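A short write-up of the structure that comes next.
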Amino acid sequence: MTHSFDRDYWDRIWGGDRAAAMAAGQPNPHLIREVGDLAPGTALDAGCGAGAEAIWLATRGWQVTGADISAAALAHAAERAVAGGVAERVRWVEADLSTWQPDTRYDLVTTHYAHPAMPQLDFYDRIASWVAPGGTLLIVGHHDHQGTVAGHGHGHGGGETEPPSSASVTAADITARLDPLVWEVVTAQESQRAVGGHAGHTVAIHDVVVIASRRRATVVGDRTDSDSDVADMATDRPA
């Protein structure tokens, strides 16, 4: 199946018969495990969908921007934020993440199975450039593996099998784009977990999780440059 991952695609997903169930989803367990000990600051959830992760961060003291291309998804997110009592801690932005540019950097930039209308690794390059010096990048994506993954509520539509190759990566794919002069890789792993599927069936979810910390200063040759002066991830690197 061909996936365009453009605005029309996501409008169909969030206007479909599974939208209500998707909007009621719980925050990603990798976020809870990996971010729970970080001191709260500013955060961006890139491709936030119905806002489960952004709202979880807000309840723990983060000031969050949730960005997504789907107005319908953001409407669900805003309702959940109000119900959770954190509406004042979350700003929702309707944006095409393949072209949108924030006006600030964030202490945490995270994404969970987000697929804009651009190559997946190029998307990770873009969001990594939005991490402030000393900040954290957390990527949770579909692992590129040889098995089959049933559609599991992350926006690929009901009944689909394994996410398309354009939406799947390996940990090595991601870390290869992280310049070690700029980034310290904290976690790079691939895992499998079981979740409840349709009609009581259990399905296996194959995840790739990468966490990296952006260095505050970088040694280049015989001088030390501030992180803001060092080329962002994948600069001058072919797509």
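The values are calculated or read from the model by the stated rules, or taken from the named source; none is laboratory data. These figures come from a predicted structure and were not determined experimentally. FYI the Cβ positions are ideal-geometry reconstructions off the backbone, even for glycines, and counts take in every protein chain you see. Please note that ligands, DNA and RNA were not included when accessible areas were found on the heavy atoms of the full protein model with its side chains. Shrake-Rupley method; radii C 1.70, N 1.55, O 1.52, S 1.80 Å.
Listed by first and then second residue, the pairs linking a residue in segment 27-38 that is closer than 16 Å to I205 by Cβ to a residue that is of a type in the set (G, A, S) and in a helix (DSSP H, G or I), with Cβ atoms under 6 Å apart and 6 or more places separating them unless they lie on different chains, are P27/A52.
Considering only segment 63-80, state which residues are of a type in the set (A, V, I, L, M, F, W, C) and either closer than 22 Å to A117 by Cα or crowded, with 24+ Cβ neighbours inside 10 Å (or both). If the condition is that a residue be of a type in the set (A, V, I, L, M, F, W, C) and either closer than 22 Å to A117 by Cα or crowded, with 24+ Cβ neighbours inside 10 Å (or both), then V64, A67, I69, A71, A72, A73, L74, A75, A77 are the ones that fit. The set of residues in segment 160-217 that are in contact with a strand residue (DSSP E or B) (Cβ under 6 Å, 6 or more places away or on another chain), modelled with pLDDT of 95 or more, open to solvent by 30 Å² or more (accessible area, probe 1.4 Å) and not in a strand (DSSP E or B) comprises T175, L181. Of all residues assigned to segment 47-60, at least one qualifies as being touching a residue at least 24 places away in the same chain (Cβ under 8 Å), open to solvent by 20 Å² or more (accessible area, probe 1.4 Å), out of contact with any strand residue (DSSP E or B) (no Cβ under 8 Å at 6 or more places or on another chain) and assigned to a loop (DSSP other than H, G, I, E, B).
No other residue among A81, A87, A75 is free of Cβ contacts under 8 Å to residues at least 12 places away in the same chain and in contact with a helix residue (DSSP H, G or I) (Cβ under 7 Å, 6 or more places away or on another chain) apart from A87.
Taking segment 62-73, which residues are closer than 16 Å to Q26 by Cα and modelled with pLDDT under 95? Hit for segment 62-73 is A73, nothing else. Only one of the listed residues (P119, P133) is closer than 22 Å to H206 by Cα, touching a helix residue (DSSP H, G or I) at 6+ places or on another chain (Cβ under 8 Å) and surrounded by fewer than 18 Cβ atoms within 10 Å (Cβ to Cβ). That residue is P119.
Residues in segment 78-93 that are within 14 Å of A50 (Cβ to Cβ) and either touching a strand residue (DSSP E or B) at 6+ places or on another chain (Cβ under 7 Å) or small (G, A, S) (or both): A78, A81, A83, G84, V90, W92.
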